[in-house]
Amino acid sequence: VRTCKVGRKTVSSTKLPPPATRVSQPTMSISSLAIADSLYVDEDYRAAISKYTAALSSASSDDRIPDDSADKFRAHSHRAAANLKLEQWSNALADAEAALELISLDGTIAITALRTGEEELCNLRAGIAAYHLDQPDLAAGFFDQAGRLASERGRDCGVYTAWLKKSNAASKLVEIEEEEKRDGEKKPAPTAASSTTTAAATASATGSRSPPPRQNRKPEMPKYQYYQSDSVLTIQIPEANVQPENLKVEFGLDTLSVILTKQGVDFTVIHGTLFDAIDVGRSKVVYKDEKVLIKLRKVDKHEWHNLFGTGAEKKPAAAPNVNANATFEEKMGGDERGDAAAAPGTAAAAAAPAPLPEVAKTKSTKATPYASHKDWDSIERDLKREEEEEKPEGEAALNKLFQDIYGKADDETRRAMVKSFQTSGGTVLSTNWNEVGNTDYEKERHAPKGQEWKNWEGERLPQKDN
């Protein structure tokens, strides 16, 4: 402390120490987190979990840094989502709770550091994991928190409400089971004679049987979705670890039947008539860890408006006197034995050629994308013919001549044309590879008559025709 006298006043000053510099802490590897998110989008969930773990191992241990804590929150929450995809419920619940703890520690993460909806999704993931671990009360708390956050921020909370109802229903079932168990323990065990008498009396009095014992929760109906190209339609069933013996797929010309067995229960996922015909021999089923793909190879290459429809186009009925198994020549000329049998005893009728069968020309009424009354194939053929018949003039004719020579030439001729034209600066075009292969056109410069080579400074360069 220093004291000095200024006029009649005494002024004291205190020398403060220099401000402490903050030591920067190592932050999470943002690249690892981005790579992990990319792997998750590509549905490689196991690799994504490894990358999330690597990102968390490189994170700062100081939770007071908001940005780093937000990245740690995302790594835990996204890893929980990947664990849910692999049905690793315990790991998913642990990751989601670890992420939510970063928020609950007296506001460790600033609200502005999180993106909109991140906290809601984390609560949803924790609730789903708890629900599958048969902890409905814990799951209901997470779903209720997610719905409350969505309502406060004006977002749709229908998904959270649906999960909350399922959790409450499961919780009530657990309470009923526990109550029945307690009641069963309180009642004394009846003797064989008394139990028989009581059961008979109850059946005669009520006229109904006792309710069957309660079973575990039934598996849910599998879902599916599809996408397509002009030649293949792919049906995706998002069921993990499906074995071939648990899936029955029957391909027909224009029908498909898919039956999946889950926990001993057969579910008919797909059964019906397809929009159009498929190639049964080239259609197949692909099994993956997290889903099943059913690839339908289309007979006609066009877009299907729906998965189901009227099926393949029905062929017109054959004429009555034409053998369906006959060859083309037999159909067009008639079967002599058939004609003779049709008119026995008549030599002239047997010798006369059979009339050609008249088959009504039917136009396809099947709806196709961008259908019109124009024959586009015929129009395309006419355009190609006009292009071939068109005779170019001037420089266009010369270019077409060179294109024809190059298109019909062998490899050596093409190599000679390319090298001579490029290395000579466009002044030489030769088809003789024996000459071009031994000539350095960059040193032996050629120039058309009346022209000469010069550099950028305007100096004249030596050329062969000098």
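The values are calculated or read from the model by the stated rules, or taken from the named source; none is laboratory data. It should be emphasised that the depicted structure is a prediction, and the values quoted were computed from it without experimental measurement. Glycine gets a Cβ as well: all are built from the backbone with ideal geometry, and neighbour counts include every protein chain shown. Note: areas computed on protein heavy atoms with side chains; ligands, DNA, RNA excluded. Shrake-Rupley method; radii C 1.70, N 1.55, O 1.52, S 1.80 Å.
Data table
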{"quantity": "Qualifying residues in the range 419-466 (those that are part of a loop (DSSP other than H, G, I, E, B) and small (Gly, Ala, Ser)) - the one nearest to PHE402 (Cα to Cα)", "calculated": "SER430"}
{"quantity": "Filter pass, THR427 being touching a residue at least 24 places away in the same chain (Cβ under 8 Å) and of a type in the set (Val, Ile, Thr)", "calculated": "no"}
{"quantity": "Only one of ALA318, ALA341, ALA326 that is at pLDDT below 90, loosely packed, with under 15 Cβ neighbours inside 10 Å and not in a loop (DSSP other than H, G, I, E, B)", "calculated": "ALA341"}
{"quantity": "Helices (runs of 4 or more DSSP H) enclosed by the range 89-170 - at least 3 residues per element that are closer than 26 Å to SER57 by Cβ, among the hydrophobic types (A, V, I, L, M, F, W, C) and at pLDDT 85 or above", "calculated": "89-104, 118-132"}
{"quantity": "Subset of the range 402-418 [outside any loop (DSSP other than H, G, I, E, B) and not β-branched (Val, Ile, Thr)]", "calculated": "PHE402, GLN403, ASP404, TYR406, GLY407, LYS408, ASP411, GLU412, ARG414, ARG415, ALA416, MET417"}
{"quantity": "Residue list for the range 374-423, filter: modelled with pLDDT under 85 and of a type in the set (Val, Ile, Thr)", "calculated": "THR423"}
{"quantity": "Matching residues, the range 283-307, being open to solvent by 80 Å² or more (accessible area, probe 1.4 Å) and either among the polar types (S, T, N, Q) or assigned to a strand (DSSP E or B) (or both)", "calculated": "LYS284, TYR287, ASN306"}
{"quantity": "From the options GLU250, GLU245, residue that is of a type in the set (Asp, Glu) and under 13 Å from SER283 (Cβ atoms)", "calculated": "GLU250"}
